Amino acid sequence: MLWWRYNGCMAHTLDINSGTTAELILFCRTGESYFPYQPSSESNMNPKTVGVPLFNGSNDFTVKVVYSYESQCLRFKMKIAQEYDQTFSYKILNHGGGAF
């Protein structure tokens with residue numbers, strides 16, 4: 001399940017009006033591992049850290065966002081790489097990337 005930050009709250013479904021933005025949060029890191037982001041609650045953005053799957057090293061993922069009342073979807077591939085200095089970087093294939 002994907003989580004969006006919109007107007008200071010977290011939601012896994014939302015309506016984004018024209019001219020407004022929302023942030024899609026995919027992963028968080030802890031030490032040498034990372035995990036899919038899930039908030040503690042809709043009003044508490046701190047990540048849930050108990051009972052979540054942990055990943056180590058480099059992995060490939062496919063992200064799927066369904067929109068327009070489930071009539072369309074956006075699907076993209078991303079790669080998370082663990083660097084030699086133990087930091088993580090992400091790359092959205094055919095697009096940009098960053099570090100976390």
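FYI, it's all coordinate maths here, none of it is from the lab. Values in this document were obtained by computation on a predicted structure and should not be read as measured data. For neighbour counting, all protein chains shown are included, and Cβ atoms are generated from backbone atoms with ideal geometry for every residue, glycine included.
Just grab the label-to-label distance for Ser71 and Asn17, each label 7 Å out from Cα along the Cβ direction, in nm (one decimal).
That separation, rounded to one decimal, is 2.1 nm.
Might you report the magnitude of the Cβ-based charge dipole of the chain about its Cα centre, with Lys and Arg at +1 and Asp and Glu at -1, to the nearest 20 debye?
About 160 debye.
Residues of the range 29-43 with backbone nitrogen within less than 20 Å of a virtual label 7 Å along the Cα-to-Cβ line of Ala99, please, listed as ranges.
29-35, by backbone N distance to the label point.
So what's the Cα pair-distance distribution over the chain, bin width 10 Å, in %?
Taking all Cα pairs of the chain, the binned fractions are 13, 42, 36, 8, 0 percent.
Roughly speaking, what is the stretch gain from Lys48 to Phe61, that is 0.36 nm per residue apart minus the C-alpha to C-alpha distance, in nm to one decimal?
On the way: separation 13, 0.36 × 13 = 4.68 nm, distance 2.04 nm.
Contour length minus the Cα-Cα distance gives 2.6 nm.
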